[in-house]
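The values are calculated or read from the model by the stated rules, or taken from the named source; none is laboratory data. All values derive from a computational prediction rather than experimental measurement. All Cβ positions, even for glycine, are placed from backbone atoms using ideal geometry, and neighbour counts span all protein chains on display. The protein model used for the area step is the full one, side chains on, heavy atoms only, and it has no ligands, DNA or RNA in it. Shrake-Rupley method; radii C 1.70, N 1.55, O 1.52, S 1.80 Å.
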Amino acid sequence: MSDNSVAFVATSDKPQLPAPQGTTGAVGWVRQNLFSSSLNTVLTLLSIFVVFSVVPGIVDWAFVKSVWNANSLDECRQISDGACWAVVRERYNQFLFGFYPTELYWRPILAFVLLFVALVPALWDNMPGRGKALIFSMAYPFVAFYLIWGGFGGLEYVSSSQLGGLLLTMIIGVAGISFSLPIGIILALSRSSNLPIVKSLAVIFIEFIRGVPLITLLFVAHVLLNYFLPKGVNFDIVLRVVIMVTLFASAYMAEVIRGGLAALPKGQYEAADALGLGYWQSMRLIILPQALKISIPGIVNTFIGLFKDTTLVLIIGLMDPLGLVAPTLGDQRWNGIVVELYAFIAFMFFIFCFAMSRYSMYLERKLHTGHR
Amino acid sequence: MSDANLADVQADRSKMQISDTDVAIEISGMNKWYGDFHVLRDINLKVMRGERIVICGPSGSGKSTMIRCINRLEEHQKGRIVVDGIELTSDLKKIDEIRREVGMCFQHFNLFPHLTILENCTLAPIWVRKMPKKQAEEIAMHYLERVKIPEQANKYPGQLSGGQQQRVAIARSLCMNPKVMLFDEPTSALDPEMIKEVLDVMIGLAEEGMTMLCVTHEMGFARKVANRVIFMDQGQIVEQNEPEPFFTNPQHERTQLFLSQILNH
Ligand SMILES: Nc1ncnc2c1ncn2[C@@H]1O[C@H](COP(=O)(O)OP(=O)(O)OP(=O)(O)O)[C@@H](O)[C@H]1O
Ligand SMILES: [Mg+2]
């Protein structure tokens, strides 16, 4: 044990030395992350090769050789073999608004702008005057509904069959997202409650909706719903689709949130109880803020899924952006153009999905208050 | 064990007033089962206002279960529990009323990680007692000073040491101005050097006459402040006595065995 030749104890203060060369800074990062092992080196080189063989071609096609001014696909092809964005230039109105009357475009645009006004207080939690602003957020669905469909109070009626394009996607997506979260929360709380009837109703609902493809539900909305509803009640097809999409997403949402509820330590429930907080108080103040925070990635995942699933409405004949591809191709002048249209639609969807994803990352960072 | 830790805190027993007429908690013929397992068997216990009771016993003997029955974190199936004159039944109003008067500290603190220390302390007064925010904050700061961490008020629990978190948990309970405090092994998740800071706060509470039920194996603490030590085994109260006779002259052989194990380890 007491062998003096081995220095177990520092006999003098050791000086602080700089880190060895090549372990810090840019060189260090590259070494550690890209070339740390032979496998990693091979993968890095392979990735560089793939990027270099694909990206220039895409840039060339989409930007360098692309054509913006032409009246038909043939004209495009004569000018260059790049992307023929002329079709987008000519038809973007339709992809944004469907067959909404051109002179009334200001209404959906205003609704879209107001959407952000309504979103600010909902997303920014320490905004000055948030309380009052939230009242507007609550009223927004009605404002948007009035602006888009009109029909009274001086605004001309626009029927649902004229709605289309990104406008339709936004209507279904925004409504679905904003209603599926609260419904999902209620379902998750019901399913984790110990009231047997409430619990089994939630289980039946969730399992039924999750076990059925969304397309089936959309067909039900399209064809069958009239049978179930009382005679004379016949509500709008877009509204029916919104309901189905919302129910579908809320079943998934419920399971995501239930995961968050289950991940909370039992001690949190007990501490809230021991302080005398009632069920709803402890849910609102203690349990849900934490459970929702844990579930943010899953919630946003469901939101993004819902937003993209709105494209399925083309199956029941609604003119969402994908549904508008067919009429465009039906036009003699643009017959045969495919990639450009889908690329444009993909780009539109990407912007919204990416924004949601970024916001969720920001939210997660902001809500991180250290470990328990 | 922790006698040395506590040597500098001279708990003057004579300062602590116990009422001999006011009953704080009365448990009579209480039984509890987990399924078929009889965890608590015929528990009888009367706690006077101002009394400080330490509960000890081997693991699994039902100590936690018993004190958790007092604020209905666990439901008992037979017998009566009366807290501050209110009998515990399945009536939710009564349960809430009792929980308002009974503070509890847990082994793992159970602070709310998404709220600051100050918010942890003001939450229940604001939402349960309907106190104005300003007043709740003043009271919270008062108790945070009492537990000697006012400077941490705006941090989050995750940024505090275990001992600090447990002191916040005590302050959080005190903010509700409880008549009774329950402690379930408040120091057993702490590193040795933090145990003293928490025990000091608890000793201070005892000196001010708080009615306390404390599950702990800190025998030094028991000697200093307890009026009575209760020994539980297999769901029963096997022995209870004043600390001196309890430690020097245990009657029951299970108590003797337990004490020899815990004092000579
Ligand atoms: N929810 C539960 N369901 C079934 N059995 C339980 C449950 N909680 C506790 N028990 C059992 O009840 C008995 C008493 O548990 P309790 O937690 O009260 O013991 P304890 O005296 O506090 O022990 P420790 O010193 O380990 O904390 C144990 O045997 C335990 O296994
Ligand atoms: Mg225990």
Members of the stretch A:323-372 found to be away from chain B (no Cβ under 14 Å) and not in a helix (DSSP H, G or I), listed by number:
A:Asp331, A:Asn335, A:Gly336, A:Ile337, A:Val338
Confirm whether B:Val215 is within 16 Å of ligand 2 (Cβ to nearest atom), closer than 30 Å to B:Ser161 by Cα and touching a strand residue (DSSP E or B) at 6+ places or on another chain (Cβ under 7 Å).
yes
Mind counting the residues in the stretch B:206-223 that are open to solvent by 10 Å² or more (accessible area, probe 1.4 Å), touching a helix residue (DSSP H, G or I) at 6+ places or on another chain (Cβ under 7 Å) and under 26 Å from B:Ile98 (Cβ atoms)?
1
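A quick yes/no check of all residues on (1) crowded, with 18+ Cβ neighbours inside 10 Å; (2) away from every other protein chain (no Cβ under 12 Å); (3) closer than 22 Å to B:His108 by Cβ:
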| position | (1), (2), (3) |
| --- | --- |
| A:Leu275 | yes, no, yes |
| A:Trp280 | no, no, no |
| A:Ile286 | yes, no, yes |
| A:Gln290 | yes, no, yes |
| A:Ile296 | no, yes, no |
| A:Ile299 | yes, yes, no |
| A:Leu306 | yes, yes, no |
| A:Leu312 | yes, yes, no |
Are there any pairs with C-beta distances below 8 angstrom linking a residue in the stretch B:81-93 that is touching a residue at least 12 places away in the same chain (Cβ under 8 Å) to a residue that is of a type in the set (Asp, Glu) and open to solvent by less than 50 Å² (accessible area, probe 1.4 Å), with the two at least 6 apart or on different chains, and if so which?
B:Val83/B:Glu101; B:Asp84/B:Glu101
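Do you know which of the residues in the stretch A:210-252 that are basic (Lys, Arg) and part of a helix (DSSP H, G or I) is modelled with the lowest pLDDT?
Just the residues of the stretch A:210-252 that are basic (Lys, Arg), to begin with: A:210, A:231, A:240.
If we keep only those that are part of a helix (DSSP H, G or I) as well, we get A:210, A:240.
On the way: A:Arg210: 93, A:Arg240: 88.
Here the residue is A:Arg240.
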Per the list (1) free of Cβ contacts under 8 Å to residues at least 24 places away in the same chain; (2) surrounded by 10 or more Cβ atoms within 10 Å (Cβ to Cβ), residue check on A:Leu17 breaks on (2)
Taking first residues from the stretch A:322-334 that are open to solvent by 60 Å² or more (accessible area, probe 1.4 Å) and second residues anywhere that are among the small types (Gly, Ala, Ser), the pairs with Cβ under 7 Å that are 6 or more apart or on different chains are A:Arg333/A:Ser72
If you go through the stretch B:98-116 one residue at a time, how many are within 23 Å of B:Asp22 (Cα to Cα) and at the interface with another protein chain (Cβ under 8 Å from one of its Cβ atoms)?
5
Hey, A:Tyr100 at pLDDT 90 or above and more than 23 Å from the chain's Cα centre (by Cα) or not
yes
Residue count for the stretch A:90-134, restricted to those that are closer than 30 Å to A:Leu367 by Cβ, of a type outside the set (A, V, I, L, M) and surrounded by 14 or more Cβ atoms within 10 Å (Cβ to Cβ)
3
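Say we look at the stretch B:185-205 and pick out the residues that are within 16 Å of ligand 1 (Cβ to nearest atom) and buried (at least 22 other Cβ atoms within 10 Å of the Cβ); which of these is farthest from the other protein chains (Cβ to nearest Cβ)? Outline the logic, then answer.
The initial filter retains those residues of the stretch B:185-205 that are within 16 Å of ligand 1 (Cβ to nearest atom), namely B:185-190.
Checking the rest, the ones that are also buried (at least 22 other Cβ atoms within 10 Å of the Cβ) come to B:186-187.
Details: B:Pro186: 13, B:Thr187: 16 Å.
This residue is B:Thr187.
Please specify each residue of the stretch A:235-264 satisfying the condition of being polar (S, T, N, Q) and open to solvent by 50 Å² or more (accessible area, probe 1.4 Å). Let's see the steps before the verdict.
Step one: of the stretch A:235-264, the residues polar (S, T, N, Q) are A:246, A:250.
Hits for the stretch A:235-264: nothing passes.
Residue by residue, here is whether (1) crowded, with 21+ Cβ neighbours inside 10 Å; (2) out of contact with any Lys or Arg (no Cβ under 9 Å at 6 or more places or on another chain); (3) more than 13 Å from chain A (Cβ to nearest Cβ) holds:
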site	(1), (2), (3)
B:Arg49	no, no, yes
B:Ile53	yes, no, yes
B:Gly57	yes, no, yes
B:Met66	yes, no, yes
B:Glu74	no, no, no
B:Lys78	no, no, yes
B:Ile81	yes, no, yes
B:Leu92	no, yes, no
I'm checking my understanding of the structure. Among residues of the stretch B:150-171 that are under 21 Å from B:Met212 (Cβ atoms) and open to solvent by less than 10 Å² (accessible area, probe 1.4 Å), which one is farthest from the other protein chains (Cβ to nearest Cβ)?
B:Gly163
Can you tell me which residues in the stretch B:117-128 are within 23 Å of B:Val198 (Cβ to Cβ) and either facing chain A (nearest Cβ under 8 Å) or open to solvent by less than 20 Å² (accessible area, probe 1.4 Å) (or both)?
B:Ile117, B:Asn120, B:Cys121, B:Thr122, B:Leu123, B:Ala124, B:Pro125
So B:Gly103 fits all but one of (1) surrounded by 15 or more Cβ atoms within 10 Å (Cβ to Cβ); (2) within 16 Å of ligand 1 (Cβ to nearest atom); what number is the exception?
(2)
